[in-house]
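The values are calculated or read from the model by the stated rules, or taken from the named source; none is laboratory data. Only a predicted model underlies this, so the values are computations on that prediction, with no experimental measurement involved. No Cβ is skipped: glycine too gets one built from the backbone with ideal geometry, and neighbour counts run over all protein chains shown.
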Amino acid sequence: MKSLLGEIMEQPEALERLITEGYAEIQAVADIIRTHDVRYILIAARGSSDNAATYAKYLMGALQRLPVALAAPSLHTVYHAPPRLDGALVIAISQSGMSPDIVTVVQDARTQGALTLAITNALDSRLAQASEYVIDLRAGQEHSVAATKTYTAELLALALLVVAWAGDGRRLAQILALPQAVNAALSQHELIAQRAERYRYMTHCAVIARGYNYATAYEIALKLKEMTYSEANPYSSADFMHGPIAVVQPGFPVLAVAPSGPMSPNMMQLLHEVKQREAELIVISDQDAPLELAQTPLRLPVAVEEWLSPITAIIPGQLLAYYLALAKGVNPEQPRGLRKVTETH
């Protein structure tokens, strides 16, 4: 059985495979979507896939200029009151495709005549069978409980879908450079292993980002909870300033995701604010200015466009969680109380 670290290191290969083998399939789905009068997008997901859905909320909102909502599956499964889905493209994102509540959202959408699309790593799953159209992540079997290569594959699938939908060759060219950028981020793994030792006794922290990387803050926080049992709370930098910043005192750990892009000035303002409060700063960035403020800088060796940066920025977060678990004496391969496939209703 492959190890968690092995699956983390497989990500460039998995992303390259999705681009080379999957883009024609994604283009075909995009061609079908263009024949429909899509007025808004509803996305159903759980766990890491829900964080991918948060990325899609920014991605599709910005590049397709469509309203994007995240589904409330309990409206379908518990209250039996599904919303009206006229004009919706309903996208379900799930690595395993097995959670009944996500499947039910798709089934209700199809009953109403809505266009449905599953993004999954399991073509034989209930979700794939329930959806009208399917995008195969092609990530290969993921044995570890913590999602890593399937998460970045979900992000890439969403990016490819939006680019194909828009017929944007310039952005497609930017995507093609991603596997190399992810590989460069992975090359920092030994350095991150050393720096993780500093946080052996960390029990809580804030994880902060904004914009496209709001999803990254949530995914890093989830990985820290799953693997290290730390109370990691994710925030938008704007939301953090509206109250939660009060928890920051000398030595309080703040992990910030601050790549270059339009959100950079906002993140710099936040970093200066928590630095004044003597926070312990861990910063993921491709820029010198935010990294210089950090006690623990985690550099992204290759800069990518901000709309794609969640695919590279998550890599140091995955590695930090993995090596911090080892430093704490926790087995990241077997998180307590968790299993690979979680079925919720």
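The table that follows gives values for the structure above.
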{"quantity": "Qualifying positions in the stretch 263-292 - in a strand (DSSP E or B) and out of contact with any helix residue (DSSP H, G or I) (no Cβ under 8 Å at 6 or more places or on another chain)", "calculated": "GLU280"}
{"quantity": "The stretch 124-136, residues that are buried (at least 24 other Cβ atoms within 10 Å of the Cβ), in contact with a Gly (Cβ under 8 Å, 6 or more places away or on another chain) and not in a strand (DSSP E or B)", "calculated": "LEU127"}
{"quantity": "Pairs, first under 12 Å from GLU226 (Cβ atoms) and part of a helix (DSSP H, G or I) in the stretch 324-345, second among the aliphatic types (A, V, I, L, M) and modelled with pLDDT of 85 or more, C-beta under 6 Å, six or more apart", "calculated": "LEU324/ALA196; ALA325/MET227"}
{"quantity": "Pick from the stretch 1-53, criterion among the charged types (D, E, K, R) and touching a strand residue (DSSP E or B) at 6+ places or on another chain (Cβ under 9 Å), ranking: surrounded by the most Cβ atoms within 10 Å (Cβ to Cβ)", "calculated": "ASP50"}
{"quantity": "Counted residues, the stretch 58-79 - those being on the phi > 0 side of the Ramachandran plot and touching a Pro at 6+ places or on another chain (Cβ under 9 Å)", "calculated": "0"}
{"quantity": "Helices (runs of 4 or more DSSP H) enclosed by the stretch 186-262 - at least 2 residues per element that are among the hydrophobic types (A, V, I, L, M, F, W, C) and over 22 Å from VAL302 (Cβ atoms)", "calculated": "214-228, 237-241"}
{"quantity": "Unmet requirement for ALA114, which otherwise passes all of (1) within 28 Å of ALA221 (Cα to Cα); (2) in contact (Cβ under 8 Å) with a residue 12 or more places away in the chain", "calculated": "(1)"}
{"quantity": "Selection status of ILE33, of a type in the set (Val, Ile, Thr), touching a helix residue (DSSP H, G or I) at 6+ places or on another chain (Cβ under 9 Å) and farther than 30 Å from GLY317 by Cα", "calculated": "yes"}
{"quantity": "Every residue from the stretch 191-231 that is free of Cβ contacts under 8 Å to residues at least 24 places away in the same chain and under 21 Å from LEU270 (Cβ atoms)", "calculated": "ALA221"}
{"quantity": "Which numbered condition LEU15 fails, given (1) at pLDDT 95 or above; (2) more than 22 Å from ASN183 (Cβ to Cβ); (3) not aromatic (Phe, Trp, Tyr)", "calculated": "(2)"}
{"quantity": "Subset tally (residues that are assigned to a helix (DSSP H, G or I), within 18 Å of SER144 (Cβ to Cβ) and of a type in the set (A, V, I, L, M)) for the stretch 1-27", "calculated": "6"}
{"quantity": "Selection count, the stretch 105-116, where residues are surrounded by fewer than 22 Cβ atoms within 10 Å (Cβ to Cβ) and either closer than 18 Å to ASP50 by Cα or under 23 Å from the mean Cα position of the chain (by Cα) (or both)", "calculated": "0"}
{"quantity": "Test: residue in the stretch 293-300 that is part of a loop (DSSP other than H, G, I, E, B) and under 28 Å from SER3 (Cβ atoms)", "calculated": "yes"}
{"quantity": "From ALA62, ALA56, residue being touching a residue at least 24 places away in the same chain (Cβ under 8 Å), in contact with a helix residue (DSSP H, G or I) (Cβ under 9 Å, 6 or more places away or on another chain), closer than 12 Å to VAL162 by Cβ and surrounded by fewer than 23 Cβ atoms within 10 Å (Cβ to Cβ)", "calculated": "ALA62"}
